[in-house]
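Written out below as C-alpha cells is the structure these notes cover.
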Amino acid sequence: MALRLLVNTGLLAIPIGGSVGTLLGIDAHRSANGQPPLFTSDGNSNTGSGSGDSTGGGSGGSGSTTNNGVTNTQYCQNSYGISPPSDGQLYTLNPNQWGVTDTTSGALCMNVTTFNNETYATTQSAPGFSVTWQFDPGPSTQPVHAFPNIMVDDVLPIELDKMTKVDLDLHWTYGVGNTVASSTDSSSLTADDLQTNVAIDMFFDSDKNNAGNSALAKYEVMVWFADFGASAQPIGLSAGAVTTKTLNGTTFELYTGTNAAKQNVLSWKATETTEEFTGDIYPLITDLYALTGDIYPSNSDYMGIFQFGTEAFSSDKNVTFAVPKLSIDIQK
C-alpha cells in the first residue's frame, strides 16, 4: 500500500528564543493497521523515497507561515538541506530520512522556526525545530528510518587538539502526538512502544576530508541523552561500559564496538534521560585519548561532522521531538 502523508493544518504556538514559534504536526500513515486518518491532506504529501527528495538552502518547504518576523516552515522531503541565514553560528537542518524506501509504512516532517532579522538568543543559538513522525518497525537489516538533525555548519573540520571547549546549551522534549510536549513523559512513550534515541553524532578521522564524510570516517563518536525501547541501544552495550564520566551532574557511560561499515563506534550514554544539559562536553572527547587501542582516536585526528538529532526507529503512534533551545560553541 502506497505511503500517504497527511499534513495537519492546525498550528501550535510555543516560545522559542523569546518569541512565539509555530510548529506544524503531521498525520503519519495509518491505513496499514486499519486506523482512520487524523487530518485531511493539503496536497503536499511525500509518497516515498523517490518523491520530493531534494537539497537546498532553506526554501522549498511544503508549508510556510510568517508572523511578527518569525517564519515557520515544514519540510517533509526525505533529504533536504535547510540552512537559515544567521548573524552568528551557521547551522544546517535535514529531515534525513535515509532509511525510507518505497515499502516503508510511516512518515516524518521537520518544522523549523527562523527569525527574519537573522538574530537569535545568542550568536551561537540555533533555530528552534521539531520533528513529528511515525514508522512501523523496519527489517532487522535496516531498523533506522531517519536521523532528523541539526548540524554545525561553518567551523569544521578542526583538529581535536586545536579545540579548547565544546560548549553545549540544550533543551529537548519528546511526546506522544502531533504537538510539542512541555516535558518528556517516559511512561507514555514506553506505552506507545517508541524506539528511538536523542544523541549527538560526530565523525573523526586522521584525514580531514574523510572526517567530513560519515561513510568514510574511521570513528563515529556519539553522546546519548536518552534512549527509548530495546531496539535503540548503543553498539557494544552487551559488553558493558568501558569507563564513565560525570559532567555537570550527568553521568555518561562509554560503550564501544564496530558497525556494519567497519567504523569504530564510541557511544557515551547518559545513565538517566537528560532533557537539559549546559556545559562543556569536550572532556568526552579528550578522555578517549587516554584509552589504549586502535579503536580510539588520537588528538591529531579531525572532527569533520557534529550533528544533534533523534534516530527514528519505530512508534505505534505519532510522536513529536522538539528542540526549543540549542547552542553549540566549538572553541579553539
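No lab work stands behind these numbers, since they all come straight from the coordinates. Just so you know, these numbers come straight off a predicted model, no measurement behind them. Glycine also receives a Cβ, built like all others from the backbone with ideal geometry; neighbour counts cover every protein chain displayed.
Points to keep in mind about this one:
- Kirkwood Rh, angstrom, region 220-332 [1 / mean 1/r, Cα pairs]: 15.6 Å
- For region 119-217, size of Cβ-based charge dipole, Lys and Arg +1, Asp and Glu -1, in debye: 100 debye
- Approximating the spin labels as points 7 Å out from Cα along Cα→Cβ, the residue 316-to-residue 289 distance works out to 4.9 nm.
- Residues 323, 131, 265, sorted so that the one with the fewest Cβ neighbours within 10 Å comes first: 265, 323, 131
- J(HN,Hα) series, region 222-236, from Karplus relation 6.51 cos²θ - 1.76 cosθ + 1.60, nearest Hz, glycine and proline x: 10, 10, 8, 9, 6, 9, 10, x, 6, 6, 9, 10, x, 4, x
- Summarising the label geometry, the points placed 7 Å from Cα in the beta-carbon direction at residue 298 and residue 206 lie 0.6 nm from one another.
- Among the trypsin sites (Lys or Arg not before Pro) in region 217-264, those placed in a DSSP loop whose Cβ has at most 11 other Cβ atoms within 10 Å are 262.
- Applying 0.36 nm per residue to the separation of residue 103 and residue 182 and subtracting their alpha-carbon distance, the gain on full extension is 25.1 nm.
- Backbone N under 14 Å from the residue 243 label point (7 Å along Cα→Cβ), restricted to region 270-291: 282-291
- Modelled this way, with points 7 Å down the Cα-to-C-beta line, the labels at residue 142 and residue 68 are 4.4 nm from one another.
- Of the cross-linked pairs 165/208; 208/269; 269/325; 208/332; 208/245, those separated by over 23 Å at the C-alpha level are 208/269; 208/245.
- Rounded FRET efficiency, nearest 0.05, which uses the C-beta distance separating residue 193 from residue 271 and R0 of 30 Å: 0.85
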